[in-house]
Amino acid sequence: MRLPAWLAQHLAALRALLVLTVILGLAYPLLIVGIGRLPGLSDKASGSMVSAGSTLIGQSFDGDPRYFQSRPSANRYDPTATGASNLGPESVVDTLSGDPSPSLLTQVCARSLAIGKLEGVDGRRPYCTPDGVGAVLAVFHRDGLTGPVTRVVSVNQTGTPFLTTYRGVTVEPAGNGTDYRALGAVITPIRGDAPADPVVPADAVTAGGSGLDPHISPAYAALQAPRVARERGLPEARVRELIAEHTTGRALGLLGEPGVNVLELNMALDGRDNEPHASR
């Protein structure tokens with residue numbers, strides 16, 4: 001007896017559903033789990049866990065001078081809230097009242113100054129003031145965007161401005177809650193006399209997109225090596241050897257940049273690089 005067309009179509013759809021459920025819902029997941037248990041892959045499939053955490057997730061070392069420091073994190077290294085600050089290159093003016101928040105420029109300036117002090121190097125950067133905020137002026141012109149300068153405000157400083165005068169006009173400190181851009185000022189970053197190539201590398205002062213980057217650049221690791229060697233009483237050459245041992249190259253030899261895994265490097269310094277993994 002021939003089934004009605006509509007019933008035949010429904011039965012065919014049911015058979016396809018059952019077959020695909022078995023293949024994609026059972027067989028495929030079990031196959032992937034099995035592959036993940038193969039020697040050499042089980043560690044990565046389990047999150048690359050070690051006794052001190054995961055080597056895939058950056059973490060804070062609380063400024064402890066005995067350890068290499070990680071790249072900054074916009075979310076305080078919280079793996080449940082990954083994300084960036086969403087501040088771009090035009091973020092140069094701080095919010096000084098209400099809910100105060102530093103611009104991206106000021107964050108970079110402050111981090112660079114702090115790292116310079118920690119490592120004993122020049123932490124200055126272009127467009128940064130000596131006290132670690134963005135060197136930015138709100139410049140008022142007589143004719144709006146052109147003409148003689150009539151007023152100048154250091155928008156990120158409520159105290160003594162980083163410049164005394166600008167084009168013959170006395171620089172004023174900023175007032176809390178005042179939007180100088182809305183008042184018609186031209187926002188003008190000031191280059192300053194900092195070196196064009198800062199001593200402190202870029203990855204030391206900028207957070208990654210996830211906020212959980214486990215790696216730093218070899219340049220940032222090299223900058224920290226003298227301090228770590230001094231604090232641990234180790235030869236600096238030995239510390240640099242450990243950096244080299246924990247530096248990974250470009251993927252496929254051409255993608256990305258070399259990186260140093262901070263957690264693995266610090267564990268090696270503590271003599272814990274051969275500890276068993278915490279995963280099961």
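Residues in segment 37-78 that are more than 20 Å from Val260 (Cβ to Cβ) and modelled with pLDDT of 80 or more: Ala74, Asn75, Arg76, Asp78. Checking segment 182-195 against the condition returns a match, with at least one residue being of a type outside the set (Lys, Arg), within 23 Å of the chain's Cα centre (by Cα), at negative phi and buried (at least 16 other Cβ atoms within 10 Å of the Cβ). All conditions but one from (1) in the same structural domain as Phe61 (by TED's automatic domain parsing); (2) surrounded by 15 or more Cβ atoms within 10 Å (Cβ to Cβ); (3) outside any loop (DSSP other than H, G, I, E, B) apply to Val171; the one that does not is (1).
Among the residues examined, Gly120 qualifies as within 18 Å of Ala194 (Cα to Cα), small (Gly, Ala, Ser) and surrounded by fewer than 16 Cβ atoms within 10 Å (Cβ to Cβ). Residues satisfying the criterion are present in segment 176-186 (criterion: assigned by TED's automatic domain parsing to the domain that holds Ala110, of a type in the set (A, V, I, L, M), in a loop (DSSP other than H, G, I, E, B) and in contact with a His (Cβ under 9 Å, 6 or more places away or on another chain)). Can you say whether Ser103 is assigned by TED's automatic domain parsing to the domain that holds Ile243, at pLDDT 90 or above and touching a strand residue (DSSP E or B) at 6+ places or on another chain (Cβ under 9 Å), as far as the supplied structure shows? Judged against the criteria, Ser103 is not a match.
When we screen Ser91, Ser97 for residues that are in a loop (DSSP other than H, G, I, E, B), on the phi < 0 side of the Ramachandran plot and touching a residue at least 24 places away in the same chain (Cβ under 8 Å), the only hit is Ser97.
The values are calculated or read from the model by the stated rules, or taken from the named source; none is laboratory data. Everything numeric here is computed off the predicted structure, so don't read it as measured data. Note that we place each Cβ from the backbone using ideal geometry, even for glycine, and neighbour counts take in every protein chain shown.
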